[in-house]
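Asker: The structure follows.
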Amino acid sequence: MPYGATCRGVNYYANVDAPVDSPCANRIIEGTLDARLIAVDAETGQLCSDFGVNGEVNMREGIGRTVPGWFGNVAAPTIVRGIVVMGAQVRDGQAEDAPSGVIRGYDAVTGKLAWAWDMGKPDLQGKPAKGEVYSRGTPNMWTSAAGDEKLGYVYVPLGNSAVDYYGGNRKNFENEYSSSLVAIDVTTGKEVWHFQTVHYDLWDYDLGSQPSLVDFPTDKDNVPAVILTSKQGEIYVLDRRTGKSLFPVEERPVPSGGVEAENLSPTQPFSTYHTLAKAPLQEKDMWGMSPLDQLWCRIQFHLAQYDGEYTAPTLDKPYIEYPGYNGGSDWGSIAIDIKNNVLIANYNDMPNYNRLLSRDEAEKRGLTPITNPQGSHEGAQAGSPYAIEVNAGWRQSWTGLMCKQPPYGGIRAIDMKTGKTIWDRPFGTARKNGPFGIPSMLPMTIGTPNNGGSVVTGGGLAFIAAATDNLFRAIDLKTGKTVWSIELPAGGQANPFVFKANGQEMVGVMAGGHHFMETEIGDYLEVYALPQSQG
């Protein structure tokens, strides 16, 4: 896998039809990096022999050609009405002929395939016919879905097609579903509705956040809603029964040009509810640890194509993507204080500095897809006319610092009913960041990259790690001030969780680190007792 194997999770399922003391009446179900679905007894950890073959389901069935590291699971299963819903991660930027983004539902007791949702084969109910495979290269779900037990719907956030930065060879159905939230009826495996957040996505703005299900307060009544956050910073509020937005979504004009000017959508959907996006970049936003660094970044700014948000990919010169693919809200999602109707959103504020590469240049650089063990795999985009060079965060090659001035991340409280900002501040200190990869140990708040969400308590606190400084914090929901923090032994790029043990409320977080965030890798489970007043 290209990143640290730390984005995984499990789910718990109680089989109400099984005798209470029978094996696997209560079970833990997880997906693995090598594309297996496993069920174990929640008490003993023993494999559930009635699930799949000796407790395992091979999720590579029907996928076709793949190699280790290309296709696997990096998110928690979602279980609705006894159906385990799974997507899969398909490693980015390798080849158009990538493994399928098919969504599948499995019986939580037997492990049998209940249905498959393949956007390229809408009439397919289950496994492909002998000698066939699920549609290859289609948008996939690498994050977790959300499920509504009452409606029987699962809400699937999709990415874009197998080649992120070129769309000329995409099929119509890929363009229709790319970067969309799809509601699927778990009893039939059929689509109920879908809502697209980016048209003709050439920016890797896949939906990385698990959607949040709430009873949304309106002047008339509470509406069963799904709140969807995006990498470009837009926050959408949809009626989860119909997919209709509760707030106007405006189709606004966006830049054209680049190598696919004729294919680009002239407009993109902007939410009028709330956005985490910042103002367009300017030369004065360029930054460095010395005047020479800043000058270099200003020169780079002028050498690149930049027309604002949704600047089209270019071949003849670099282009600036802002926010970058790690902008806005990523896999941590948002947290919601349903008592006070407050959303807590941590976010990234970083550009990417990209350039398309011709096939000749890609060959000279040794870029090959993952199916070829030789060479470099990042951005190969085999099967398309162009490879891609991505400078994530737009970093200087010698110091490793970013060209945009801080902050690089923030945290914000939002009034859920109105979408108005309550408070907003930079998130993360400079203590673990510095030039040449040397930690500065400075306690000043600069706003660092962050991934992993928060959890709120009834006592009015949001607990969150996420930032690159390895601190686990408690933040006052009313003021945004940090009221407690402690250093974790590794990066906390994970969502915290709250539970009760013997009447005592606890808060915990997995400190596993993350390769992409460049935090220390570990294997720690940290749990802390909350003061009784915070219950």
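The values are calculated or read from the model by the stated rules, or taken from the named source; none is laboratory data. Worth saying up front: this structure is predicted, and the values here are computed from it rather than measured. Methodologically, a virtual Cβ is constructed for each residue, glycine included, from the backbone with ideal geometry; neighbour enumeration extends over all protein chains shown. For the accessible areas, the whole protein counts, side chains as well, though only heavy atoms, and no ligand, DNA or RNA atoms are used. Shrake-Rupley method; radii C 1.70, N 1.55, O 1.52, S 1.80 Å.
Asker: If we scan segment 375-382, do we find a residue that is more than 30 Å from Phe463 (Cβ to Cβ), in a strand (DSSP E or B) and open to solvent by less than 10 Å² (accessible area, probe 1.4 Å)? Reasoning before the result, please.
Answerer: First pass over segment 375-382, keeping only residues more than 30 Å from Phe463 (Cβ to Cβ): 375-382.
Those left that are additionally in a strand (DSSP E or B): 376, 382.
Still in the list and also open to solvent by less than 10 Å² (accessible area, probe 1.4 Å): none.
No, the conditions are met nowhere in segment 375-382.
Asker: Additional query: Kindly indicate which of Thr138, Thr143 is at pLDDT below 95, open to solvent by less than 20 Å² (accessible area, probe 1.4 Å) and polar (S, T, N, Q).
Answerer: On the way: Thr138 fails: at pLDDT below 95.
Step by step, each of Thr138, Thr143 is checked, and only Thr143 is at pLDDT below 95, open to solvent by less than 20 Å² (accessible area, probe 1.4 Å) and polar (S, T, N, Q).
Asker: Sticking with this one: Go through segment 8-46 and give me each residue that's open to solvent by 90 Å² or more (accessible area, probe 1.4 Å) and among the aromatic types (Phe, Trp, Tyr).
Answerer: Tyr12 - this is the single residue of segment 8-46 that is open to solvent by 90 Å² or more (accessible area, probe 1.4 Å) and among the aromatic types (Phe, Trp, Tyr).
Asker: Moving on. Which strands (runs of 3 or more DSSP E) sit wholly inside segment 198-274 and have at least 2 residues that are farther than 21 Å from Gly152 by Cα and open to solvent by 20 Å² or more (accessible area, probe 1.4 Å)?
Answerer: Working: elements: 212-217, 222-229, 234-239, 249-253, 267-271.
Answer list for segment 198-274: 249-253, 267-271.
Asker: Also: Residues to consider are Ala467, Ala511; find the one that is closer than 23 Å to Lys231 by Cα, among the aliphatic types (A, V, I, L, M), buried (at least 23 other Cβ atoms within 10 Å of the Cβ) and within 21 Å of the chain's Cα centre (by Cα).
Answerer: Values: Ala511 fails: closer than 23 Å to Lys231 by Cα.
Ala467 is the lone residue from the list that is closer than 23 Å to Lys231 by Cα, among the aliphatic types (A, V, I, L, M), buried (at least 23 other Cβ atoms within 10 Å of the Cβ) and within 21 Å of the chain's Cα centre (by Cα).
Asker: When you scan segment 488-502, do you find a residue that is aromatic (Phe, Trp, Tyr), in a strand (DSSP E or B) and without any contact (Cβ under 8 Å) to a residue 40 or more places away in the chain, even just one?
Answerer: First pass over segment 488-502, keeping only residues aromatic (Phe, Trp, Tyr): 497, 499.
From what's left, in a strand (DSSP E or B): 497, 499.
Checking the rest, the ones that are also without any contact (Cβ under 8 Å) to a residue 40 or more places away in the chain come to 499.
For segment 488-502, residues aromatic (Phe, Trp, Tyr), in a strand (DSSP E or B) and without any contact (Cβ under 8 Å) to a residue 40 or more places away in the chain: present.
Asker: I would also like to ask the following. Look through segment 172-185, keep the residues that are touching a Leu at 6+ places or on another chain (Cβ under 7 Å) and not in a loop (DSSP other than H, G, I, E, B), and return whichever of them is surrounded by the fewest Cβ atoms within 10 Å (Cβ to Cβ).
Answerer: Checked segment 172-185; the qualifying residue surrounded by the fewest Cβ atoms within 10 Å (Cβ to Cβ) is Tyr177.
Asker: Can you find, within segment 275-297, the residue that is nearest to Trp423 (Cα to Cα) among those that are open to solvent by 70 Å² or more (accessible area, probe 1.4 Å) and assigned to a helix (DSSP H, G or I)?
Answerer: Lys284
Asker: Among the listed residues Gly55, Gly72, which satisfies the condition of being open to solvent by less than 20 Å² (accessible area, probe 1.4 Å) and more than 22 Å from Ala162 (Cα to Cα)?
Answerer: Working: Gly72 fails: more than 22 Å from Ala162 (Cα to Cα).
The match here is Gly55.
Asker: Would you check if Gly434 is of a type in the set (Gly, Ala, Ser) and either over 26 Å from Gln396 (Cα atoms) or open to solvent by less than 10 Å² (accessible area, probe 1.4 Å) (or both)?
Answerer: On the way: of a type in the set (Gly, Ala, Ser): yes; either over 26 Å from Gln396 (Cα atoms) or open to solvent by less than 10 Å² (accessible area, probe 1.4 Å) (or both): no.
Here the answer is no, as Gly434 does not meet what is asked.
Asker: Going by what's in this entry, would Arg65 be described as under 25 Å from Lys130 (Cβ atoms), out of contact with any Gly (no Cβ under 8 Å at 6 or more places or on another chain) and modelled with pLDDT of 95 or more?
Answerer: Working: under 25 Å from Lys130 (Cβ atoms): yes; out of contact with any Gly (no Cβ under 8 Å at 6 or more places or on another chain): yes; modelled with pLDDT of 95 or more: yes.
Yes: the conditions hold for Arg65.
Asker: Taking the options Thr429, Thr418, name whichever one is out of contact with any Gly (no Cβ under 8 Å at 6 or more places or on another chain), without any contact (Cβ under 8 Å) to a residue 40 or more places away in the chain and hydroxyl-bearing (Ser, Thr, Tyr).
Answerer: Numbers: Thr429 fails: without any contact (Cβ under 8 Å) to a residue 40 or more places away in the chain.
Sole residue among the options that is out of contact with any Gly (no Cβ under 8 Å at 6 or more places or on another chain), without any contact (Cβ under 8 Å) to a residue 40 or more places away in the chain and hydroxyl-bearing (Ser, Thr, Tyr): Thr418.
Asker: How many of the residues in segment 451-462 are modelled with pLDDT of 95 or more and touching a Phe, Trp or Tyr at 6+ places or on another chain (Cβ under 7 Å)?
Answerer: Residues meeting the conditions: 2.
Asker: Checking Gly522 against (1) farther than 13 Å from Ala465 by Cα; (2) of a type outside the set (S, T, N, Q); (3) open to solvent by 40 Å² or more (accessible area, probe 1.4 Å); (4) in a loop (DSSP other than H, G, I, E, B), which single condition isn't satisfied?
Answerer: It is condition (3) that Gly522 fails.
Asker: Out of Gln396, Gln405, I need the residue that is surrounded by fewer than 21 Cβ atoms within 10 Å (Cβ to Cβ) and modelled with pLDDT under 95. Which one? Spell out how you get there, then give the answer.
Answerer: On the way: Gln405 fails: modelled with pLDDT under 95.
Only one candidate passes the filter, namely Gln396.
Asker: Moving on to the next point. What's the number of the only condition in (1) touching a strand residue (DSSP E or B) at 6+ places or on another chain (Cβ under 6 Å); (2) open to solvent by 40 Å² or more (accessible area, probe 1.4 Å); (3) of a type outside the set (D, E, K, R) that Thr188 fails to meet?
Answerer: Evaluating Thr188 over (1) touching a strand residue (DSSP E or B) at 6+ places or on another chain (Cβ under 6 Å); (2) open to solvent by 40 Å² or more (accessible area, probe 1.4 Å); (3) of a type outside the set (D, E, K, R) leaves (1) as the failure.
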